[in-house]
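Below is one structure, written out as structure tokens; the observations come after it.
No lab work stands behind these numbers, since they all come straight from the coordinates. Since we're looking at a predicted model, the values are computed, not measured. Cβ: placed from backbone, ideal geometry, glycine included. Neighbour counts: every protein chain shown.
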Amino acid sequence: GNSVTQMEGPVTLSEEAFLTINCTYTATGYPSLFWYVQYPGEGLQLLLKATKADDKGSNKGFEATYRKETTSFHLEKGSVQVSDSAVYFCALSEDSGSRLTFGEGTQLTVNP
Amino acid sequence: DAGVIQSPRHEVTEMGQEVTLRCKPISGHDYLFWYRQTMMRGLELLIYFNNNVPIDDSGMPEDRFSAKMPNASFSTLKIQPSEPRDSAVYFCASSLQGIYNSPLHFGNGTRLTVT
């Protein structure tokens, strides 16, 4: 079956630090990959996505590249801000259905 | 666009009581999803609908859980009878075309506590 594994949190960084949150996946087909973000007290929001190998998704300074050879979709940001503090979820969707499989989530805290 | 609207925001009930959670999806969205979020199990898909028809309910934990979508603008998730292990945050989400082609839009969730 499909699965998504994220690096364990929580992650605590200082403002302007470089961020990497690792994500690897297992899938039987050719999935689309997503990063969702959840701010305190809110539902998840789509941050970025990539639908095929070597695609790079980007949004709000965040980037992730779909690496089929390493089955990875690591999230990066060059300079984090306090407002980036949230829980980040990696997820995948197979091309055959509408089921979205989420990773465990990684709590990020950015201190001023 | 008001987004996905869920009610109530918080629900506290006693074991054995019936609980009904409500959701209004974004107008025009054909897909509606119910998720449950707990610390132990993360985000779990319970059920999803396409054009008001339940497509996949394999995530519904047991017969105590039921979900309906009587029309395109309203869905309910019912737990009867409720148990303490049902305590979680329940999210409703909708999408325009299904998650492969369009993003999920989540509501702010209902935090359920069963004592």
For this session: With a Förster radius of 25 Å, plug the Cβ-Cβ distance of B:Ala2 and B:Ser58 into 1/(1 + (r/R0)^6) and report the FRET value to the nearest 0.05.
Result: 0.25
Problem set entry | Straight-distance crosslink candidates among lysines, where the alpha carbon sits under 25 Å from B:Lys24 and sequence neighbours closer than 8 are dropped | B:Lys68, B:Lys78
Seminar exercise, completed: Quick calc, A:Tyr30 & A:Glu8: beta-carbon distance into FRET formula, R0 30 Å, rounding 0.05, result 0.60
Seminar exercise, completed: The answer for B:Ile5, listing residues at least 5 apart or on another chain whose modeled amide H is closer than 5 Å to its amide H, is B:Lys24
For this session: Please work out the Cα center distance from region B:43-58 to region A:52-112, rounded to the nearest Å.
Result: 24
Seminar exercise, completed: Here region A:67-79 yields Karplus 3J(HN,Hα) values (6.51, -1.76, 1.60; θ = phi - 60°; whole Hz; Gly and Pro given as x) of 10, 5, 5, 10, 6, 10, 8, 6, 8, 9, 8, x, 8
Exercise. Among all the lysines, which ones have a C-alpha under 29 Å from A:Lys68's C-alpha, if same-chain residues fewer than 8 places away are not counted?
Worked result: A:Lys49, A:Lys52, A:Lys56, A:Lys60, A:Lys77
Exercise. What ³J(HN,Hα) values, in whole Hz, does the Karplus curve 6.51 cos²θ - 1.76 cosθ + 1.60 give for region B:34-44 when θ = phi - 60°, with x put for Gly and Pro?
Worked result: 10, 10, 10, 10, 9, 5, 6, 10, x, 8, 10
Exercise. What is chain A's relative contact order, in percent, from Cα pairs under 8 angstrom and six or more apart in sequence?
Worked result: 37
Exercise. How many nm separate the modelled label positions at B:Arg41 and B:Arg9, each set 7 Å beyond the Cα in the direction of the Cβ?
Worked result: 2.7
Problem set entry | Virtual spin-label span in nm between B:Asp30 and A:Ser58, 7 Å along Cα→Cβ | 3.2
Seminar exercise, completed: Row for chain A, column shape: gyration tensor on C-alpha, a ≥ b ≥ c, rounded if a/c < 1.5 i.e. under 1.5, prolate if a/b over b/c, else oblate; value prolate
For this session: Select from region B:1-93 those trypsin sites (Lys or Arg not before Pro) which occupy a DSSP coil region and have at most 13 other Cβ atoms within 10 Å, ordered by residue number.
Result: B:Arg9, B:Arg41
Seminar exercise, completed: Expected vector for region B:87-99, Karplus 3J(HN,Hα) from phi with 6.51, -1.76, 1.60 and θ = phi - 60°, integer Hz, x for Gly and Pro, equals 4, 4, 9, 9, 10, 9, 9, 9, 9, 6, 10, x, 6
